[in-house]
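Q: Supplied in structure tokens, the structure appears directly below.
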Amino acid sequence: MTHTAHSGLTLPTIGLGTYNLRGMAGADAVAAALAGGYRLVDSAFNYENEAAVADGVRRSGVDRAEVLFTSKLAGRHHSSEPARTAIEESVLRTGLGHIDLLLIHWPNPSQGLYVEAWKALIDARERGLVRHIGVSNFLPEHLDALEEATGVLPVVNQIELHPYFPQEEALALHAEKGIITEAWSPIGRAGDLLSEGVITDVAAAHGITPTQAVLAWHAARGSLPLPKSANPRRQAENLAATAVTLTEDEVTAISSLGRPDGRLKGLDPAVYEEF
Ligand SMILES: NC(=O)c1ccc[n+]([C@@H]2O[C@H](COP(=O)([O-])OP(=O)(O)OC[C@H]3O[C@@H](n4cnc5c(N)ncnc54)[C@H](OP(=O)(O)O)[C@@H]3O)[C@@H](O)[C@H]2O)c1
């Protein structure tokens, strides 16, 4: 199974998160994940790991054309000229020839420059530096503003999404618009979530781990999780999970862990800004 965007872009059921995967060890972890079957990798200017993730892509032995390398434009680079240069620098830093998927990392609404940043992403796509463009942490009003100003909708919105914060409305809106929902912190950073009774019960019923139960919940609801793991054994565990089918009752039971203030660190894109 894959996810398909309004543009026809298809993405796999799972990708590799890479926050804190940096340097040689980070590159090794990315190379191991790709060799083990991952095809979509995340990264960001602000993770200071575009070079390491790209090195992992090159060293994985997987054909470059099969890999989807993601990066994100930082808040400090939203204005036209800084955005143009930052995107060029990101592409050059990777040495991959192009970035497959570039996202605006945060809308930073009070800065008021995300539409300008979006125009820079459109321009980078037209120049062949970037193949597909999307956003991260965008609320419905931010998506509307992009569409009104440019007529171009993102192919992806990467948002915080896990059982404590199931994002029912965002998922439905994205599905209606053909925007693929990528989930960050999909396993709740491997915290308390994984010992919730409802999750350990589902895991026991299927003979899988609690992490796999959470990732299967993502697959059932149509979100594309990006679990980060530096460990090849856990990478493989996570990759196998999206093939597990949960019952409707199990999905509902896990979703019932959701709460209005379920964000792990309270990072609400309406007010939180990152540069
Ligand atoms: N767009 C944004 O604003 C934004 C914000 C946050 C994150 N992200 C992206 O989303 C990715 C994922 O989010 P995240 O890193 O915050 O959290 P996460 O993927 O929910 O959790 C990562 C943690 O889970 C552990 N882990 C992974 N697989 C496991 C397993 N099978 N069993 C037990 N523990 C396991 C990892 O440790 P090991 O490495 O030791 O396995 C790591 O400590 C990030 O890496 C980043 O790429 C994006």
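The values are calculated or read from the model by the stated rules, or taken from the named source; none is laboratory data. Remember, it's a predicted structure, so these values are computed and weren't measured experimentally. Cβ sites come from the backbone with ideal geometry, for glycine too, and all protein chains shown count toward neighbours. Side chains included, ligands, DNA and RNA excluded: accessible areas come from the protein's heavy atoms. Shrake-Rupley method; radii C 1.70, N 1.55, O 1.52, S 1.80 Å.
Q: I'm trying to understand the selection: among the residues of region 175-195, which are open to solvent by 20 Å² or more (accessible area, probe 1.4 Å), within 14 Å of the ligand (Cβ to nearest atom) and more than 16 Å from the chain's Cα centre (by Cα)?
A: Residues satisfying the conditions are Ala190, Gly191, Asp192, Leu194, Ser195.
Q: Looking at region 146-163, can you tell me whether even one residue there is open to solvent by 50 Å² or more (accessible area, probe 1.4 Å), in a loop (DSSP other than H, G, I, E, B) and free of Cβ contacts under 8 Å to residues at least 60 places away in the same chain?
A: yes
Q: Same structure, new question: Going by the structure shown, is Gly61 out of contact with any Gly (no Cβ under 9 Å at 6 or more places or on another chain) and within 19 Å of Ala241 (Cα to Cα)?
A: Working: out of contact with any Gly (no Cβ under 9 Å at 6 or more places or on another chain): yes; within 19 Å of Ala241 (Cα to Cα): no.
No; evaluated as a whole, the condition is false for this residue.
Q: In this structure, is Ile208 within 16 Å of Ala236 (Cα to Cα), open to solvent by 10 Å² or more (accessible area, probe 1.4 Å), in contact with a strand residue (DSSP E or B) (Cβ under 8 Å, 6 or more places away or on another chain) and of a type outside the set (D, E, K, R)? I'd like the intermediate steps shown before the answer.
A: On the way: within 16 Å of Ala236 (Cα to Cα): yes; open to solvent by 10 Å² or more (accessible area, probe 1.4 Å): yes; in contact with a strand residue (DSSP E or B) (Cβ under 8 Å, 6 or more places away or on another chain): no; of a type outside the set (D, E, K, R): yes.
No.
Q: Hey, another quick one. Looking at Ser229, Ser223, Ser255, can you tell me which residue is more than 15 Å from the ligand (Cβ to nearest atom) and open to solvent by less than 50 Å² (accessible area, probe 1.4 Å)?
A: Ser255
Q: Working carefully through the options Arg76, Arg64, find the one that is among the basic types (Lys, Arg), within 16 Å of the ligand (Cβ to nearest atom) and modelled with pLDDT of 95 or more.
A: After ruling out the rest, the residue left standing is Arg76.
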